Amino acid sequence: MDLKNLPYSLRVLAINVSKHIDGEKITQDDLDAIINWKVGNEISFMPTRVIMQDYTGVPLLVDLAEMRSELARRGLNPEKVNPIIQSDLVIDHSIQVDYYGTSYSLTLNMKKEFERNEERYKFLKWAQRSFKNLRIIPPGKGIIHQINLEYLSKVINDNNEPEIVIGTDSHTTMIGGLGILGWGVGGLEAEAVMLGEPYHSIVPEVIGVKLEGEIREGVTPTDVVLYITELLRKKGVVGKYVEFFGSSLSKLTIQDRATIANMAPEYGATVGYFPIDEQTVKYLNLTGRDGDKVKKIAMELGIFYNEREEIKYSDVVEVNLSEIEPSMAGPKNPDERIKFGSLKIERKKKGNIIQDGDVVLAAITSCTNTSNPTVMLGAGILAKKAVELGLRSKPYVKTSLAPGSPVVVKYLKDAGLLPYLEALGFHVVGFGCTTCIGNAGPLIKEVENDIKTYGIEAYAVISGNRNFEGRINPLLKGTFLASPILVVAFAIAGRIDINYEEPIAFDPNGKPVYLRDIWPTLEEINSYMNLAMNPEYYISQYSTIFKGDENWEKLSVTPSPIYDWPKSTYIVEPPWFKEEDGKLEIKKARILLLLGDKITTDHISPAGPISPDSDAGKYLLSLGVKELNTFGARRGNHEVMIRGGFSNPKLKNYLVNKEGGYTIHFPDKREGTVYEIAMEYKKEGIPLVIVAGKQYGSGSSRDWAAKVTALLGIKAVLAESFERIHRSNLVAMGVLPIEIEDWRKLGIKGDELVSIEFTDLNPGSRVKIIFENNERKVETSGVLRANTKTEIEYLKSGGILKYVLEKMIK
Ligand code: F3S
């Protein structure tokens, strides 16, 4: 097999395919398409591992449990349903920052986490004991991608093949930093792979990012990833692989690479891949894995990076690291990078304790950055210098530290830096996603009052990767992404428009303190680096990874082939095998929502708190539920999720003149919530469609965004363009993704009836679309965005679950 000149990421794919050719599911054609780099050709291959987090993993396992129930109902052996490849689920998404700023915060938050989520955790424990090849990592152990990086990944697996990891979380790409091909997929696709189906994709373009120069003093890996995100978003890399190479590759540590690979979904790429090299070997050896063995096999397989070899890429983008400046990104999108210090805020409104432009939430959060010792040590050093000058965080700022692995706390403690972070309110609140996933908990009461009473425009600063509207806290004007070092600085300053020229605070004697006075130097950071890379920390941390704390251990469950669906408001038997099969022709559908550009999966299916005034909240209250919890935690209950569909308060539907989850029923033009109106159409037997703009479904791998779409009765989404994972999730739920021209140019108003006609049914088929009402008729065509023949089969079967079950029965 001649892999010469092929990008390393494609070589990994080719090796995988060559090892799994069986002439049926995976064929020589798949291999030829990769080796000859036939961009756009459909290929099938076998991922070697699946990782999940609990928000997406619970519904996935609920689906598997339901498949078992369905097999039993049909008189078949339920234990046919079992993952056949190693599958790991990390419980990291559910912890919320209810308590912060004290040494008890962690214990109290974890206690609350178990109180809120006991029913889900019992289900997960049942799954752990009842399914083969499934490992569960209990709460409190860290964040999925950081654990994957520090422990779970082998790079080359026991069969001597390079790992390909799919994960039910978009930031699975982070593992690209360690030379592993990995990306986020919908839970539904992951289910199929776990049950032995190959993963289907197309041969991608590969964009080479040539790294040159050196990161300047005062600039962090976070600044680098924000720069790359902006650059590649502008370039346009959606659906493509990004592979890093160049003379500066060797200067980036694995953690720097992981930070950059993490944000691949934000720059739009399928993967951000760093080939295996000496840095990989060093990191594996340091973290208790056999780097030298990996090197030997990688060299034999031809996937060990060789700077002298000329690789052909589809296109090359050059990045001179020395040109990157300190930055942050926001207030609404991760690619809205601004130079640090350039923001100007007019202070028009004043409340009792805050005014416009104040920072009220500062969170060191997210696997993106807490996995990176450079910025974590940097944050600690800045905190030390600030505290020694007598500075403190502003009292109206909710501060938190939620590392993705307890290793971080060990090295911060050893370095003597943790007490300084704590003095500024950055006590550990949890080892999980917390603020990054929207579980920041409530703001300080008086702050909330000021925002509500005076309409103050306040901000959050987080060291995460996403800041879509409403994600972190719907009361905020916006959220900025920045390095953990800047997060601490913002907490001290208490305002968002700080810069290098003006003081960020005054010491107790009234002397101004400038950011440059307390900024950590690279030399200072490096003086602690050996502590952060102490192999003992990693080995001792991970020796007990599958054992939970006493809260977890005392959950008592009995393994059984079929799940005994309890009376629960968290885990409810889903209706997937009861719903009608997919009918692809659509006649006289109504437009449920008329939407703009960049509709995110947060807009479609929010993850945050359930409001008591919402349809979902009222439903739960009617059942006597006291703790409404979050949508993320309720994803095992379709009744709650469907009521939360398109209920994000920041969602703008052009059919109504306000934000929020409202729409109009036609023809009577009655307004109601999206759920109410959709159910009314359902009763009337009227199919529904959504019409939207560009980048529909950006954000996460959340398959609930597609599931609620299907449950609401939406048969097709007509959009200018789709984001990769959400598009495939729609297909997996039997919903047609159809690309159309800009509806604004077509003159669509939203009150039309919509019919969709097919002449053939193939990947990329053109379809005829007619929008009509008494006054006008618009005829146009669209492209069915089913990318592969298998996806067409999913659509015909009414979704992937029915497709897989039927195959299993045959
Ligand atoms: Fe969690 Fe945010 Fe990472 S949601 S998995 S911390 S990107």
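Just so it is clear, none of the values below were taken in a lab; they were calculated from the coordinates. What you see is a predicted model, and the numbers here were worked out from it, not measured in a lab. Quick reminder, even Gly has a Cβ in these numbers, built from the backbone with ideal geometry, and neighbours come from all protein chains shown.
Values for this structure:
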| quantity | calculated |
| --- | --- |
| Amide H within-cut-off set for ARG785, under 5 Å, with H built and near neighbours excluded | ILE738, GLU739 |
| Dipole of the chain, positive end: most advanced residue of ASN530, TYR662, TYR273 [Cβ charges, Cα centre] | TYR662 |
| Gain on full stretching of the segment that runs from SER560 to THR780 - 0.36 nm per residue minus C-alpha separation | 73.9 nm |
| Extension gain, ARG744 back to ASN352 (0.36 nm per residue minus Cα-Cα distance, nm) | 136.8 nm |
| Table column - 3J(HN,Hα) (Hz), the range 506-513, Karplus curve with 6.51, -1.76, 1.60, x for Gly and Pro | 10, 6, x, 8, x, 7, x, 10 |
| GLU325 versus SER250: modelled label distance in nm, points set 7 Å from Cα along the beta carbon direction | 3.2 nm |
| Gap separating the Cα centres of the range 732-756 and the range 218-295, nearest whole Å | 38 Å |
| Nearest-20 debye value, the range 331-542 charge dipole, Cβ charges on Lys, Arg, Asp, Glu | 420 debye |
| Highest average packing first - 186-196, 779-789, 349-359, Cβ atoms within 10 Å | 186-196, 349-359, 779-789 |
| Computed FRET value (nearest 0.05) for LYS38 with GLU757, which takes r as the C-beta separation and R₀ as 30 Å | 0.45 |
| Under-5 Å amide H pairs with SER405, H placed in peptide plane, nonlocal only | ILE143 |
| Inter-label distance, nm, simple model (7 Å from Cα along the C-beta direction), ASN530/GLU388 | 2.1 nm |
| Charge dipole (debye, nearest 20) of the range 665-711; +1 at Cβ of Lys and Arg, -1 at Cβ of Asp and Glu | 160 debye |
| Farthest positive-ward along the range 331-542 dipole, Cα basis, beta-carbon charges - from VAL397, VAL513, SER371 | VAL397 |
| Listed residue pairs exceeding 26 Å between alpha carbons, taken from LYS650/LYS694; LYS111/LYS578; LYS683/LYS807; LYS587/LYS749 | LYS111/LYS578; LYS683/LYS807 |
| Lys/Arg +1, Asp/Glu -1 at C-beta; the chain dipole; positive extreme among ASN467, VAL731, PRO561 | PRO561 |
| Fully extended contour minus Cα-Cα distance, from LYS293 to LYS588, at 0.36 nm per residue | 100.0 nm |
| Backbone HN-Hα couplings from phi across the range 324-337 [Karplus 6.51/-1.76/1.60, Hz, Gly and Pro as x] | 7, 10, x, 9, 8, 9, x, x, 10, 9, x, 8, 8, 7 |
| Unit charges on C-beta of K, R, D, E only; dipole of the chain, Debye | 1380 debye |
| Pairwise FRET efficiency - ASP22 versus GLU214, Cβ, R0 = 51 Å, nearest 0.05 | 0.60 |
| For the chain: relative contact order, % (alpha-carbon pairs under 8 angstrom, 6 or more apart) | 14 percent |
| Tensor-based shape of the chain (alpha-carbon gyration tensor, a/c under 1.5 rounded, otherwise prolate or oblate) | rounded |
| 5 angstrom amide H check on ARG49, placed H, neighbours 5+ away | ILE164, ILE166 |
| SER568 versus LYS694: modelled label distance in nm, points set 7 Å from Cα along the beta carbon direction | 4.3 nm |
